[in-house]
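Data first, discussion second: the structure below is written as structure tokens.
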Amino acid sequence: MTEGHEWLRRTLNVSVNVGWQIDPFGHSTSSASVLAACGIRAQVINRIHFATKRRWQQEKRLEFEWEVAPDHSLLTHVLYDSYSWPVGFDLEVQHIPAGAHVPLYKRTIEAMVSEQCTENH
């Protein structure tokens, strides 16, 4: 992790403080503690028990502060559904209601956001 962070800092002048850990089979406090000790302040996770995920979705509790040690915590977000793109935001092909496929570069971000907002409200 140190080597990767150093490369990002040296090459791209970027400091990372958010972890993306979506596909391990379970999440441990040990892993979260290591992330926090490396300067990670937040993380995105996915694989939790389906019943827990369903309950947290209903209770709108997919974001929480995970206390990993007495002096460290991570703002944690559980992905709502899975780790695929939301409908209409895939990078390779856009699926539009008429059934035609339009490459992403032919669509505008504004149109995609508008469609997503309409679909979710």
Point to revise | 5 angstrom amide H check on Val68, placed H, neighbours 5+ away | key: Ser73, Leu74
Study note, to complete from the structure: Once phi for every residue in region 27-33 is put through the Karplus expression 6.51 cos²θ - 1.76 cosθ + 1.60 (θ = phi - 60°), the whole-Hz ³J(HN,Hα) values, with Gly and Pro written as x, are 10, 10, 5, 4, 4, 4, 5
Check your understanding: Which semi-axis lengths, in whole Å and largest first, follow from the square roots of five times the eigenvalues of the Cα gyration tensor of region 1-83?
Key -> 26, 14, 11
Review point. ³J(HN,Hα) across region 40-54 via Karplus (A = 6.51, B = -1.76, C = 1.60, θ = phi - 60°), whole Hz, x for Gly/Pro?
Key: 6, 9, 8, 8, 10, 10, 9, 6, 10, 4, 4, 5, 5, 4, 4
Point to revise | Area accessible to solvent at Asp71, 1.4 Å probe radius, in Å² | key: 120
Review point. How far apart, in nm, are the 7 Å Cα→Cβ label points at Glu110 and Cys38?
Key: 4.1
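The values are calculated or read from the model by the stated rules, or taken from the named source; none is laboratory data. Predicted model, so just to flag it, every value in this text is computed and none were measured. Don't worry about glycine lacking a Cβ; one is built from the backbone with ideal geometry, like all the others, and counts go over all protein chains shown. Just the protein is used for accessible areas: all its heavy atoms, side chains included, with ligands, DNA and RNA removed. Shrake-Rupley method; radii C 1.70, N 1.55, O 1.52, S 1.80 Å.
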